[in-house]
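> Can you keep this structure in mind? I'll have questions shortly.
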Amino acid sequence: MSFNGGFVQIAVKRIYDWARTEQWRHKLGFFAMGSSCSNHLGIPPPKGPNHVGCTDFMMDHTAQGSFFRLYYPCQETEKAEKPDWVPNMEYFYGLADFMKINRTWSEKIFEYLFGSYKIPAYMDAPFKSSEKCPVVIFSHGLGAFRTLYSAICVELASQGFIVASVEHRDESASATFYFHEKTEPGLTQESRPMSPSASDRDGLLREWMYYRALKHGESEFPLRNKQVKQRADECILALDKLTQMNSGVAVQNVLQTPFDYTTLENSMDLCRTAVIGHSFGGATVIESLCKEVKFKCGVALDAWMVPLDDEIFPRVKQPIFFINSEKFQWAGNISRMKKLDCTVIDRKMITIRGTVHQSFPDFTFLTGNWIGKLMKLKGEIDPELAIDLSNKATLAFLQRHLHLEKDFNQWDPLIDGHDENLIPGTNVILLQSSM
């Protein structure tokens, strides 16, 4: 069986195939809600003491620039609005294209199921923190994009972190965009102008980049290995951009948001930085730690280890925490995680009972019980309990290795799997041949 880490393509294909069956229009509403007595659907609000703001940064308009959603502690505000979970319909088009399904059908289905959801953070709200914030760089999974892990990112920000959720330009995102100058050659039919005022002022045209599928007969490893290296470089570049802002260096945000980035000067504790990611993003965590010692530790959520070269494992010197789902992992993948075991460096692994690979991204909160299990977006455990365990264990691990003066150590037992909903290590049986 091939595990490619692409949670989105599995979900989308099942939604599309099912939605085309007879009487789907009558049933979709019922299944989306789960039942008349189902819990309210939506991304869970953060639990930390800080209000959370978010904004988008794109530094350098080209595909080689840095693009990320920034989450941060903010001032309480009544004016700021909560942003749409999916910021552009082109992201849904990207999901449809790489699944080879009709855009018109998928637009209707996605808009019905997910179009009304908001991220529980305030767009472009003023930054506010009473102390310097540790920094996390977050890497999304295959077929995802920068906003799909907001439950994790807003929780970290509410607990005092500044989090940059990178949107990767390695053609592993379902869709992303950058800009061309109007005079540049080679514009495609996907090029779209910015708003008229911005387009006239800056002379930029929006260019969409979609997921790059494997070609017929193409081996997966060379492509994914090339991508994971680029992804790590993009995580490091995001950290570099935050470092510039923290130092008071003038930066240009191509997106021209109203957020005042100068308020971030001297706001970050860059001696306390970590990298976190899910699936392909989990592999990106390992690659990033190998390439950049400024990352003091990493948390890999249900990591897909296939893209990584074996030779990098002994070169990773930072602590790593693997938080796995119960249903996704297999012996070969776990054995690659085990290659990072070390007697002198903290390497931890836990498994959350009743979880599936999709228990980490936001989709799991946005579908009711029926459709969530049909699409394998939900496991047997309550999704909010699962993400709460993952977030608390993550915070405890970050406190331990970033040397934070917080109370996250109250969740230290979770790091070792001491909870009725956790398995210390893995539930996967490892045979000698897989080691």
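The values are calculated or read from the model by the stated rules, or taken from the named source; none is laboratory data. Remember, predicted model here, so these are calculated numbers, not experimental data. Glycine also receives a Cβ, built like all others from the backbone with ideal geometry; neighbour counts cover every protein chain displayed. The area values use the complete protein model at the heavy-atom level, side chains included, leaving out ligands, DNA and RNA. Shrake-Rupley method; radii C 1.70, N 1.55, O 1.52, S 1.80 Å.
> Within the bounds of segment 83-97, is there any residue that is more than 19 Å from the chain's Cα centre (by Cα), crowded, with 21+ Cβ neighbours inside 10 Å and either at pLDDT below 90 or basic (Lys, Arg) (or both)?
Taking every residue of segment 83-97 in turn, at least one turns out to be more than 19 Å from the chain's Cα centre (by Cα), crowded, with 21+ Cβ neighbours inside 10 Å and either at pLDDT below 90 or basic (Lys, Arg) (or both).
> Okay, next question. Can you pull out the residues in segment 292-308 that are open to solvent by 10 Å² or more (accessible area, probe 1.4 Å), over 20 Å from Glu171 (Cβ atoms) and touching a helix residue (DSSP H, G or I) at 6+ places or on another chain (Cβ under 8 Å)?
Glu292, Lys294, Lys296
> Take the residues in segment 327-372 that are of a type in the set (Ser, Thr, Tyr) and under 17 Å from the mean Cα position of the chain (by Cα); name whichever of them is farthest from Ile119 (Cα to Cα).
Within segment 327-372, the match that is farthest from Ile119 (Cα to Cα) is Ser359.
> If you don't mind, another one. Quickly run through segment 340-364 and pick out the residues that are farther than 20 Å from Pro413 by Cβ, among the hydrophobic types (A, V, I, L, M, F, W, C) and touching an Asp or Glu at 6+ places or on another chain (Cβ under 7 Å).
The one that is farther than 20 Å from Pro413 by Cβ, among the hydrophobic types (A, V, I, L, M, F, W, C) and touching an Asp or Glu at 6+ places or on another chain (Cβ under 7 Å): Phe360.
> So Tyr112 fits all but one of (1) in contact (Cβ under 8 Å) with a residue 24 or more places away in the chain; (2) under 19 Å from the mean Cα position of the chain (by Cα); what number is the exception?
(2)
> So, one more: Return the pairs, sorted by first residue and then second, in which the second residue is among the basic types (Lys, Arg), the first residue lies in segment 300-314 and is assigned to a loop (DSSP other than H, G, I, E, B), the beta carbons are less than 6 Å apart, and the residues are 6+ apart or on different chains.
Final answer for the pair search is Met305/Arg336; Pro307/Arg224.
> Just a yes or no: is a residue in segment 74-81 modelled with pLDDT of 80 or more, open to solvent by 20 Å² or more (accessible area, probe 1.4 Å) and of a type in the set (A, V, I, L, M, F, W, C)?
Checked segment 74-81: at least one residue is modelled with pLDDT of 80 or more, open to solvent by 20 Å² or more (accessible area, probe 1.4 Å) and of a type in the set (A, V, I, L, M, F, W, C).
> Another question about this same structure. Quick check on this structure: which one of Phe328, Phe322 is part of a strand (DSSP E or B) and either within 30 Å of Trp85 (Cβ to Cβ) or open to solvent by 10 Å² or more (accessible area, probe 1.4 Å) (or both)?
None of the other options fit; the residue is Phe322.
> What's the number of the only condition in (1) assigned to a helix (DSSP H, G or I); (2) touching a Cys at 6+ places or on another chain (Cβ under 6 Å) that Leu95 fails to meet?
The one condition Leu95 does not meet is (2).
> Kindly list, by first and then second residue, each pair from a residue in segment 363-391 that is over 19 Å from Glu155 (Cβ atoms) to a residue that is of a type in the set (D, E, K, R) and surrounded by 24 or more Cβ atoms within 10 Å (Cβ to Cβ), limited to pairs with Cβ atoms under 6 Å and residues at least 6 apart or on different chains.
Gly372/Lys378
> How many residues does segment 234-253 contain that are touching a Leu at 6+ places or on another chain (Cβ under 7 Å) and either more than 13 Å from Ala164 (Cβ to Cβ) or open to solvent by 20 Å² or more (accessible area, probe 1.4 Å) (or both)?
Here the count works out to 1.
> Name the residue that is modelled with the lowest pLDDT, counting only residues in segment 163-199 that are of a type in the set (D, E, K, R) and not in a strand (DSSP E or B).
Glu190
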